[in-house]
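The values are calculated or read from the model by the stated rules, or taken from the named source; none is laboratory data. Just so it is clear, the structure is predicted and the values come from calculations on it, not from any experiment. Virtual Cβ from ideal backbone geometry, glycine too; neighbours counted across all protein chains shown. Calculation scope for accessible area: heavy atoms of the full protein, side chains included, ligands and nucleic acids excluded. Shrake-Rupley method; radii C 1.70, N 1.55, O 1.52, S 1.80 Å.
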Amino acid sequence: RVPQHALPHRHKRRRRRRLSREFIMAPKKKEVVEEKPILGRFRSNLKIGIVGMPNVGKSTLFNLMSKMGIPAENFPFCTIEPNTARVNVPDDRFRWLMDVYKPKSGVPAYLEVVDIAGLVRGASSGEGLGNNFLSHISAVDGIFHVCRGFEDADVIHVEDRVDPVADLEIIHNELRLKDLEKVKKAIDAIEKCRNRGLKKEQLEELATAEKLKEWLESDKDVRYGEWSAKDIDILNEYQLLTAKPAVYLVNISEKDILRQKNKFLPKVMEWVKARGDDLVIPFSGAYENRLFDMPDDEAKALVAETKVPSMLPKIISNGFKAIHLIYFFTAGDDEVKCWQIRKGTKAPQAAGTIHTDFERGFICAEVMTYEDLHELGSENAVKASGKYRQQGKEYVVQDGDIIFFKFNVTTKGK
């Protein structure tokens, strides 16, 4: 028999055991959602190219976007070498930060735009200036597809008709043919090594290349396919033309933009929707030119009267997003600056865009969101609310983050 005075101690011991078992139970793991890899180059200095048939308004658009005087004569192939410009990305957040901090200087984000001369039927086999143009498209990371949705007897069309859907079919066919040529060469190169035995990496690449070949032969663009992470790694090495993100721009007449109606636009929308979910933006080169040539007050008065704003800010902002660029801010009395990075960039690499030492000696990132600062009004208020956060090396920087990086780089040997 157990003495009565020992019972309480025994019960306590059992209770402690039960409690200890409860505390050592592992918490339920949060379900980690893996983000799908993105097609394209993983870097910050990405470019978007303006692509289309000759005389559809490519150089007119480029001139307007960049305020550069590039010749846009009414003649096929007038733009022989690609012209590049950096175009400021309009953003109310940047303007608000400038008003709040009143810095000595401000640096907005920019979109690098390349004006590429017109493609024609047969470009993939060298027709017109085909191979040159296709190599220029290969060098960019996204595409503004400009197509003509206006009729004008004074502006010639290389196919002697106005049919934007037919133009898109020609361009996409040429891009697919060039991609197919590249994929077939990759398959042939791997097959030549078969006698010596193929390594695991070669077999994986061959499997992906065969899938790509079948996809392209069925007249589909690469970016619309469902690809595995391994496929995307290989695709990003190939840098295929139809893998590049695209925004479709339909150049319509001033009359049509003002009445918000155009007979070609529904057909283009239907064509694009049948293939994927790419964005279609109608604009009028003629109307944009008219706004651009006016003094600011007259342009504002015209927009107020017509209720039709310039489409350039929408085109630039969506081009920036299409190539998977975002930006974070650094803000202070000296400068407010947008630092552009590719979506998915982690904090140390984002710090490296400011200076390589920031990445090398990264300690942490002190982060507040633009939304929190805008809502609460000051940095001190954000800190007081507990929304000013320290983030480590695994933090993925989000668009609109306002960041102060802490780093420490010691001199070698000390």
Checklist line | Positions within region 377-414 being open to solvent by 60 Å² or more (accessible area, probe 1.4 Å), within 17 Å of Gly332 (Cα to Cα) and either in contact with a helix residue (DSSP H, G or I) (Cβ under 8 Å, 6 or more places away or on another chain) or polar (S, T, N, Q) (or both), in sequence order | finding: Glu379, Asn380
Checklist line | Number of the exception - Asp277 against (1) in contact with an Asp or Glu (Cβ under 9 Å, 6 or more places away or on another chain); (2) charged (D, E, K, R); (3) modelled with pLDDT under 95 | finding: (1)
Next item on the list: With a cut-off of at least 1 residues that are touching a residue at least 12 places away in the same chain (Cβ under 8 Å) and within 26 Å of Arg43 (Cβ to Cβ), name the helices (runs of 4 or more DSSP H) lying wholly within region 335-414.
Entry: 347-352, 356-360, 370-376
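The rows are residues; the columns are (1) assigned to a loop (DSSP other than H, G, I, E, B); (2) aliphatic (A, V, I, L, M); (3) surrounded by fewer than 16 Cβ atoms within 10 Å (Cβ to Cβ).
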| residue | (1), (2), (3) |
| --- | --- |
| Gly276 | yes, no, yes |
| Val280 | no, yes, no |
| Glu288 | no, no, no |
| Lys300 | no, no, yes |
| Ala304 | no, yes, yes |
| Ser317 | no, no, yes |
| Lys321 | no, no, no |
| Tyr327 | no, no, no |
Item checked: Residue count, region 364-376 (criterion: within 20 Å of Arg95 (Cα to Cα), open to solvent by less than 50 Å² (accessible area, probe 1.4 Å) and touching a helix residue (DSSP H, G or I) at 6+ places or on another chain (Cβ under 6 Å)) -> 4
Margin query: Any residue that is in contact with a helix residue (DSSP H, G or I) (Cβ under 6 Å, 6 or more places away or on another chain), over 27 Å from Glu181 (Cβ atoms) and of a type in the set (S, T, N, Q) - is there at least one of those in region 256-267?
Written below: yes
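Is it fair to say Glu217 is open to solvent by 50 Å² or more (accessible area, probe 1.4 Å) and more than 23 Å from Ile323 (Cβ to Cβ)? Break it down stepwise before answering.
Numbers: open to solvent by 50 Å² or more (accessible area, probe 1.4 Å): yes; more than 23 Å from Ile323 (Cβ to Cβ): yes.
Yes.
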Next item on the list: Just give me the residues in region 377-402 being within 13 Å of Leu97 (Cα to Cα) and among the hydrophobic types (A, V, I, L, M, F, W, C), in sequence order.
Entry: Ile402
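Restricting attention to region 250-280, which residues are among the hydrophobic types (A, V, I, L, M, F, W, C) and more than 16 Å from the chain's Cα centre (by Cα)?
Step one: of region 250-280, the residues among the hydrophobic types (A, V, I, L, M, F, W, C) are 250, 252, 257-258, 264-265, 268-269, 271-272, 274, 279-280.
Selection gives Val250, Ile252, Ile257, Leu258, Phe264, Leu265, Val268, Met269, Trp271, Val272, Ala274.
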Notebook entry, point to check: Which of the residues belonging to region 65-92 are modelled with pLDDT of 90 or more and surrounded by 19 or more Cβ atoms within 10 Å (Cβ to Cβ)?
Noted result: Val89, Asp91
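Could you tell me whether Val155 is within 31 Å of the chain's Cα centre (by Cα), open to solvent by less than 50 Å² (accessible area, probe 1.4 Å), over 15 Å from Leu241 (Cβ atoms) and at pLDDT below 90?
Details: within 31 Å of the chain's Cα centre (by Cα): no; open to solvent by less than 50 Å² (accessible area, probe 1.4 Å): yes; over 15 Å from Leu241 (Cβ atoms): yes; at pLDDT below 90: yes.
Taking the combined requirement at face value, the residue does not satisfy it.
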Checklist line | Subset of region 203-213 (residues that are more than 27 Å from the chain's Cα centre (by Cα) and surrounded by fewer than 17 Cβ atoms within 10 Å (Cβ to Cβ)) | finding: Leu203, Glu204, Ala207, Glu210
Checklist line | Which listed residue, of Leu198, Leu180, is surrounded by fewer than 16 Cβ atoms within 10 Å (Cβ to Cβ) and touching a helix residue (DSSP H, G or I) at 6+ places or on another chain (Cβ under 8 Å) | finding: Leu198
Note to self: Just to be sure I understand the filter: pairs with C-beta atoms under 9 Å, separated by 6 or more residues or on different chains, first member in region 271-285 and in contact (Cβ under 8 Å) with a residue 12 or more places away in the chain, second member open to solvent by less than 60 Å² (accessible area, probe 1.4 Å) and among the acidic types (Asp, Glu). Which pairs pass?
What the structure shows: Val272/Asp278; Arg275/Asp221; Gly276/Asp221; Pro282/Asp256; Ser284/Glu254; Ser284/Asp256; Gly285/Glu254
Next item on the list: Go through region 358-374 and give me each residue that's more than 20 Å from Thr410 (Cβ to Cβ) and touching a Ser or Thr at 6+ places or on another chain (Cβ under 9 Å).
Entry: Asp372
Next item on the list: Please give the number of the condition Asp167 fails out of (1) assigned to a helix (DSSP H, G or I); (2) out of contact with any strand residue (DSSP E or B) (no Cβ under 6 Å at 6 or more places or on another chain); (3) surrounded by 15 or more Cβ atoms within 10 Å (Cβ to Cβ).
Entry: (2)
